Structure formats: C-alpha cells, structure tokens
1. At D111 and D259, where each label point lies 7 Å from the Cα along Cα→Cβ, what is the point-to-point distance in nanometres?
2. Tell me, what is the FRET efficiency for K226 and D195 to the nearest 0.05, using R0 = 41 angstrom and their Cβ-Cβ distance as r?
3. Can you tell me the dipole magnitude for the range 186-272 around its Cα centre, using point charges on the Cβ only (Lys, Arg +1; Asp, Glu -1), in Debye to the nearest 20?
4. Quickly rank 169-178, 242-251, 194-203 as a protection proxy: mean count of other C-beta atoms within 10 Å, highest first.
5. Starting from the Kirkwood radius over alpha-carbon pairs of the range 129-211, derive D by Stokes-Einstein at 37 °C in a medium of 0.692 mPa s and give it in µm² s⁻¹.
6. In nm, give the distance between the simple-model label positions of F173 and A140, each being 7 Å from the Cα along the Cα-to-Cβ direction.
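None of the figures in this text is laboratory data; all of them are computed from the coordinates on show. This is a predicted model, so every value here is computed, not measured. Glycine gets a Cβ as well: all are built from the backbone with ideal geometry, and neighbour counts include every protein chain shown.
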Amino acid sequence: MAGESKEELATASAEAPDAFDELVGAMRRPRAKVDFGGGALERRSISQQVADRILSMIKSGNLKSGDRLPTEQQMGIAFGISRPPLREALKALTLMGVLESRQGGRYTVTDLSPSRLVAPFNVMLSVGDYDVHEHFEARALVDIELVRLCTLNATGEERQRIMQHAVDGRAFFHDPVAFRLLDIEFHQALNNAADNRLLAALAQGLYDIGLDMRRVAITAPGAIEKSVAQHIEVAAAVMAGDAATAVAAYRAHLEHVRDTTIEAMSKLGAEP
C-alpha cells in the first residue's frame, strides 16, 4: 500500500485488530461496494456519514476506549472518499470528545467518560448568546431530577455532607466569594449523591453557564441569606428522605436564582 510500511500496518493491526481487519477488508473490495457498517457512502453529507459509521463501530464495541484508528490514508481507501471530508468527520468527533489526536497525526478513541463527552456542550453554550429563561428551563429539568434521585439514593454520609454544606453557608452572609465556593460544593454534593454520572455532568455544565451574571446577582442585598435558607430546606428534606418536599424546595431555589440573575442582567444592561 502506497505510503505505508509493513511495520506500520502490523502496528495498527496489533493495536485495534477488529477495526483494522474490517478496514482492510473494505479496502480489498471494489470501491463501489465499500462496507463500513453500511452501504457505500452517499455523496451528500459525506463527513456526517463517516462520523456516524465510526460512532456505530464504537457503539457496537468494535472500537473501544484506547483503540488507535488506522491512518487517514487507510480510512480514506476504506470509505472510498478523499481526505477533506474524512478530516472534517474526524475533527467533528474530536470536538465531540469521542476521538483525540495524538502525536503523529493518528486518532485514538477517548475514555468516553461523561465529563469528557459533555465538555463540548459546555463550551458551545458558554460562547453562544445567553438566554436566562432557556438556561433555567434546562436546569429545572436536569437539577430537579438529580435532587429527586439524591433523596432516594444518598447514603447516610452523603446526606450529612449535604446538610453540613447547607448550614455552613450561614457563616458567609457577607462574603460572596466564599459563599460561591461553598455553593459549588453544595450542588456537587447533591449531584454526586444522585448516583447518575451523566446527569451530574450535565448539571455541572449548566451550573457553569452564566457565572459572570451570578457573581453580580449574589451581591444583591439578602441574596445570600435567602439562598442559604433554601439550601437548608432542600438538605432537610433530603435528610428526611422526602423527595416531594426536596423537589419543591429546590424548584423555589432555582426560581430565586433565576430572578436574581435577571435583575443583575438588567442592571448591567444585558438582555435576559
């Protein structure tokens, strides 16, 4: 094969034998009959089709975390396409957190952890136009389910930690910076105790959005005191195993956070 030594081919085969064998098999067939998890690629949206094929191989287990993909030349032959759409597909999968490019230009399947897969979603929302109403609708869907799961699943130690973070807030009524740090710990404790890593990763991403506005909002008179009181209400319901009360208390807390954020935005001349 032009441009590939026998040693390189042997190395690729040893690193990901199943995926490599499938690619080699595809390369040996007539181009019109290339099969990489489906029929020959259509001319429209070629890069998307390539990305979907690779995702299908990961989903089926043919490609696993740590597997090193064949070279661009090998994959181009297997798919029967030129390098530009292939590179576009590989770039998209890299931005999604599914692949990572390492030294030498070869792509590797990542660890596929929830935090890694959600990271591009966080960046996308952080750089886009901020819509406070859309933001808190999303937080309500994700966070409230986590609070419900937390109330059902938390261990005794986790419930105690949540309550401790809540009551510790009383010491920071006049220290917004310290309260913000404690606030992060409180919400992460709720998320972790829910025992759902993907939802927790989504919640963390949603929490991080709009933090510049939250820094302003939390300095409003009485904002910290009200948040602390609401944290304690949520924590008390979690301690009691009362999911309905915990959800209602957390919803009220989110509404308070949303309203103070809108107020802060209006003061800064931003559009809610």
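1. 4.2
2. My answer for the efficiency is 0.90.
3. 100
4. The packing order, highest mean first, is 194-203, 242-251, 169-178.
5. Working: Rh = 13.4 Å.
Answer, rounded: 245 µm²/s.
6. My value for the distance between the label points is 3.1 nm.
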